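Novice: Below you'll find the structure I mean.
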Amino acid sequence: MGNAESVVAQKRLARFRPDERPVIEGIFDRLHGTGSSVSSGKTGKVLSLDMLKMTMGKMASESMIKRVFQGMHSIDPGVPLPPGDGIIHEQLVIFLADILRGTAEERAPLVLAMAEGAKATATTTEQIRDFMEDLVSAAVQTLAHRGNLRAWQPDRMSDEPQGVKLLAEQLTSELKSPDQNMCDIPCLEDWLFRIPAMAMFLELLIGEGLGVGLPSCPPPTLLPPCRYAPWSDLRCLLNIPLLMFLSPQLPAGHSAPWRLLFSTNIHGESFTRLVGNCKSKGPTVMLVKDTKGHIFGGFVSQSWEVKPQFQGDSRCFLFSVFPYTRVFTCTGYNNHYMYLNQGQQTLPNGLGMGGQHGYFGLWLDCDFGHGHSRARPLCTTYGSPQLSGDEDFKLDTVEVWGVGQPPEEQEQDEKKKSILDADPEVQAMMEMTGKTLHSQGLREPEEDEG
């Protein structure tokens, strides 16, 4: 560190590995456009807002870059500051340490400064929502600019600006403020502690936007990979912000690539086709759009199977996308998680989640054109309100994505594992075969998930 008096910056710098500290210290000069290692304390060099715009301009809006500048400027580095509104080296180091390695207590003042201004002691929920719109939008831009969309194609997906607003509103709704409209530092600390997405969005924007590139701090993975979707024929109900919301809601272990199983855009309005495409396919996410424009759906943790009983487990959940984005998990009241029946004379034929026969949280009738969301006051299984525009709704679009490992692949993997576990000699032979093929350039490439 150029200025030995900057004890605060020295302590923050110690959070990084010894080989990473020169990288963190060198970012200031790189942003300043020089290769000099001379510190700001001796030269009076500062970072300007225009310098940040030049670096981050392709990954964030001008308003978001101004917010980042405000956050940096709000930091007390423990050394005298030069006149003007530039950022000194020590402020940048502390900012990077708090964003990339900090606690909720350290990040909360920065969020407050980015939302309201450098001298603020509190802010409004409206200001936080505006900040979140800028941050979510920047996260989406950063993923696109860095080529990390993981084979998703935003131009064939639903309204992204609307998705940004909905996700920003959902995240803001998680604030627990004593005052309905105001947030202070303790409120923001609690929020940042409970909502891991906040830290991930900030780490992505700052890490990628400033080109930090630390080996021990790779960019957070905000999207699941897309394995299969006929994009040329598809107009998808998903968008990138919605994926950023839904993916973390899935239970641990559901990190398999998403694959399209059914869409009315492609497969037509057929309940039989829906059942055939989704049955025995592992965990799935279903999205439904009604003719009033409401979008909602559910996640099921097991394969859909045709049977006259309820199935599934407590990992299932319902969710709303539009006009608001929320997730509704199990209440424990009953085990009516998922239901699929067809061709029965005495029991309802259709697909349902939550509630009971005739009063499902989400129901698609076997005639396919109709459904209901009867939750007065709330669905007993998931605690969800009415998700559709009308209690009895007409379908516009249905879309189902496989989000877990397909059962046949899982079975093959389990067979391989059992063979290897049972016979170490076979394991050793397979390893040797793989090495030989690799050395001869004959080994088959791994399957491309994109």
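The values are calculated or read from the model by the stated rules, or taken from the named source; none is laboratory data. Computed from a prediction, not measured in an experiment: that's the story for all the values here. In this analysis, Cβ positions are derived from the backbone assuming ideal geometry, glycine residues included, and neighbour counts consider all displayed protein chains. Keep in mind that these areas ignore ligands, DNA and RNA; they rest on the heavy atoms of the full protein, side chains included. Shrake-Rupley method; radii C 1.70, N 1.55, O 1.52, S 1.80 Å.
Novice: Which far-off residues, 5 or more places away or on another chain, put their amide H under 5 Å from the one on LEU261, with H placed in the peptide plane?
Specialist: VAL400, TRP401, GLY402
Novice: Taking 0.36 nm per residue of separation and subtracting the Cα-Cα distance, what length does fully extending GLU391 through VAL306 add?
Specialist: 28.1 nm
Novice: Using a 1.4 Å probe over the heavy atoms of the protein chains, calculate the carbon and sulfur portion of the accessible area of the chain as a whole percent.
Specialist: Ligands and nucleic acids excluded, carbon and sulfur give 50 percent.
Novice: What list of ³J(HN,Hα) values in whole Hz, one per residue of the stretch 97-102 in order, does the Karplus curve 6.51 cos²θ - 1.76 cosθ + 1.60 (θ = phi - 60°) give from phi, with Gly and Pro shown as x?
Specialist: Computed from phi, the couplings for the stretch 97-102 are 5, 6, 6, 8, 9, x Hz.
Novice: Among all cysteines in the chain, which have no other cysteine Cβ under 4.7 Å from their own Cβ?
Specialist: Isolated Cys, the chain: CYS217, CYS226, CYS236, CYS278, CYS316, CYS330, CYS366, CYS379.
Novice: Express as a percent, rounded to the nearest 5, the fraction of DSSP beta bridges in the chain (both residues included) that run antiparallel.
Specialist: Taking every DSSP beta bridge within the chain, about 95 percent pair in antiparallel fashion.
Novice: How are the alpha carbon pair distances in the stretch 40-89 distributed across 5 Å bins from zero to the largest one, expressed in percent?
Specialist: Taking all Cα pairs of the stretch 40-89, the binned fractions are 5, 21, 30, 22, 14, 8, 2 percent.
Novice: Over the Cα atoms of the chain, what Rg and Dmax result, in angstrom?
Specialist: 25.7, 86
Novice: Then there's this: Most mobile of ASP365, ASP190, ASP19 per a Gaussian network model of the chain (Cα springs, under 10 Å)?
Specialist: Fluctuation is largest for ASP19.
Novice: For the stretch 341-356, take each phi angle, set θ = phi - 60°, evaluate the Karplus expression 6.51 cos²θ - 1.76 cosθ + 1.60, and give the result in whole Hz per residue in order, putting x for glycine and proline.
Specialist: Result, rounded to whole Hz: 9, 8, x, 9, 8, 9, 10, x, 9, x, 10, x, 9, x, x, 7.
Novice: Rounded to the nearest 500, what is the chain's calculated 222 nm mean residue ellipticity when only DSSP H runs of at least 4 contribute -39500 (n - 2.57) each, over all residues?
Specialist: Helix-only estimate at 222 nm: -12000 deg cm²/dmol.
Novice: By the scheme Lys and Arg +1, Asp and Glu -1, what is the net charge of all other residues having a beta-carbon under 14 Å from that of ASP367?
Specialist: Around ASP367, the charge tally is -1.
Novice: Using the Karplus curve 6.51 cos²θ - 1.76 cosθ + 1.60 with θ = phi - 60°, what ³J(HN,Hα) values do you get for each residue of the stretch 236-250, in whole Hz, with x for Gly and Pro?
Specialist: 7, 6, 6, 9, 4, x, 5, 4, 4, 7, 6, 4, x, 6, 5
Novice: Hey, if we sort SER384, SER48 by accessible area with the 1.4 Å probe, largest down, what's the order?
Specialist: Values: SER384 0, SER48 45 Å².
Putting SER384, SER48 in descending order of accessible area: SER48, SER384.
Novice: Further question on the same structure: If one computes the Cα centroid of the stretch 267-324 and of the stretch 143-191, what distance in Å separates the two points?
Specialist: Between the Cα centres of the stretch 267-324 and the stretch 143-191 lies a distance of 25 Å.
Novice: So, one more: So which of LYS279/LYS394; LYS58/LYS165; LYS11/LYS165 end up more than 32 Å apart by C-alpha? If you can, show how the numbers build up before the last one.
Specialist: Details: LYS279/LYS394 23 Å; LYS58/LYS165 20 Å; LYS11/LYS165 38 Å.
Where the Cα-Cα span goes over 32 Å, the pairs concerned are LYS11/LYS165.
Novice: Right, another one. Of GLN342, THR103, PHE193, which is farthest along the charge dipole of the chain in the positive direction, counting Lys and Arg as +1 and Asp and Glu as -1 at C-beta?
Specialist: Going by the Cα projections, it comes out as THR103.
Novice: What is the gain in length, in nm to one decimal, between ARG146 and ASP184 on full extension, counting 0.36 nm per residue of separation less the C-alpha to C-alpha distance?
Specialist: Computed gain between ARG146 and ASP184 is 10.2 nm.
Novice: Work from the charge dipole of the stretch 154-210 (Cβ charges, +1 for Lys and Arg, -1 for Asp and Glu, about the Cα centre) and give the residue of THR172, LEU205, MET182 farthest towards its positive end.
Specialist: The listed residue farthest towards the positive side: THR172.
Novice: Moving on to the next point. Over the chain, with the other protein chains present, what is the accessible area per residue in square angstrom, probe 1.4 angstrom?
Specialist: Ligands and nucleic acids excluded, the figure is 46 Å² per residue.
Novice: Can you compute the equivalent ellipsoid semi-axes for the stretch 226-403, i.e. the square root of 5 times each eigenvalue of the Cα gyration tensor, sorted largest first and rounded to whole Å?
Specialist: 21, 18, 17
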